[in-house]
1. I need the helices (runs of 4 or more DSSP H) fully contained in the stretch 58-120, keeping only those with at least 1 residues that are of a type in the set (Ser, Thr, Tyr).
2. Regarding ARG60, is this residue surrounded by 15 or more Cβ atoms within 10 Å (Cβ to Cβ) and among the charged types (D, E, K, R)?
3. Being surrounded by fewer than 17 Cβ atoms within 10 Å (Cβ to Cβ) and without any contact (Cβ under 8 Å) to a residue 40 or more places away in the chain is the filter here; which residues of the stretch 28-47 pass it?
4. When only residues in the stretch 1-38 that are farther than 30 Å from TRP59 by Cβ and among the hydrophobic types (A, V, I, L, M, F, W, C) count, which is nearest to the chain's Cα centre (by Cα)?
5. Sort out which residues of the stretch 58-87 are touching a Lys or Arg at 6+ places or on another chain (Cβ under 9 Å) and β-branched (Val, Ile, Thr), and write them in order of number.
Amino acid sequence: MKLSWISIGALSAFLTVALGAFAAHGLEGRLDETQTEWWATAVQYQALHALGLLAFGSWRHSRPGGGFIGWCFVLGTLLFSGSLYAMALGGPTKLGAITPLGGTAFLLGWGAFAWNARGK
């Protein structure tokens with residue numbers, strides 16, 4: 001089975017909804033204010049980049065290549081959102097050092113998307 005960028009984006013969007021619901025119902029009252037903010041930021045950025053993956057996957061149907069963009073969005077989600085989810089659940093705050101690496105991956109992905117989508 002071959003996964004497409006659209007299916008990966010849809011899966012990430014699914015997980016975004018599930019993780020948001022988990023926080024609202026399963027973690028209610030268990031996270032302090034800072035942990036709640038970390039979780040909310042992680043969900044927000046994951047949702048945005050799930051939509052980015054859907055857009056990229058749709059765009060890519062008309063143009064070959066550009067897989068770097070999708071991988072940047074996936075890596076960014078894992079590093080940025082993943083580190084925030086982990087810290088919110090009580091992981092070491094040293095994981096916060098990883099968060100900017102995810103942000104950098106997001107920026108690289110959006111920059112590459114803009115560059116590749118420009119008119120010829």
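Any read-out appearing in this document is the output of simple, stated calculations on the displayed coordinates, not a laboratory observation. Since the structure is predicted, the reported quantities are computational estimates derived from the model, not experimental observations. Because the Cβ atoms are built from the backbone with ideal geometry, glycine has one as well, and the counts that use them run over all protein chains shown.
1. Working: elements: 67-76, 82-88, 99-117.
In the stretch 58-120, 82-88, 99-117 are the helices (runs of 4 or more DSSP H) which contain 1 or more residues that are of a type in the set (Ser, Thr, Tyr).
2. Working: surrounded by 15 or more Cβ atoms within 10 Å (Cβ to Cβ): yes; among the charged types (D, E, K, R): yes.
Spelling it out, ARG60 is indeed surrounded by 15 or more Cβ atoms within 10 Å (Cβ to Cβ) and among the charged types (D, E, K, R).
3. GLU28, GLY29, ARG30, ASP32, GLU33, THR34, GLU37, ALA40, GLN44, listed by residue number.
4. Kept after step one, since they are farther than 30 Å from TRP59 by Cβ, are these residues of the stretch 1-38: 22-38.
Still in the list and also among the hydrophobic types (A, V, I, L, M, F, W, C): 22-24, 27, 31, 38.
Working: PHE22: 17, ALA23: 17, ALA24: 19, LEU27: 21, LEU31: 21, TRP38: 14 Å.
Within the stretch 1-38, the match that is nearest to the chain's Cα centre (by Cα) is TRP38.
5. Of everything in the stretch 58-87, just one residue is touching a Lys or Arg at 6+ places or on another chain (Cβ under 9 Å) and β-branched (Val, Ile, Thr), namely ILE69.
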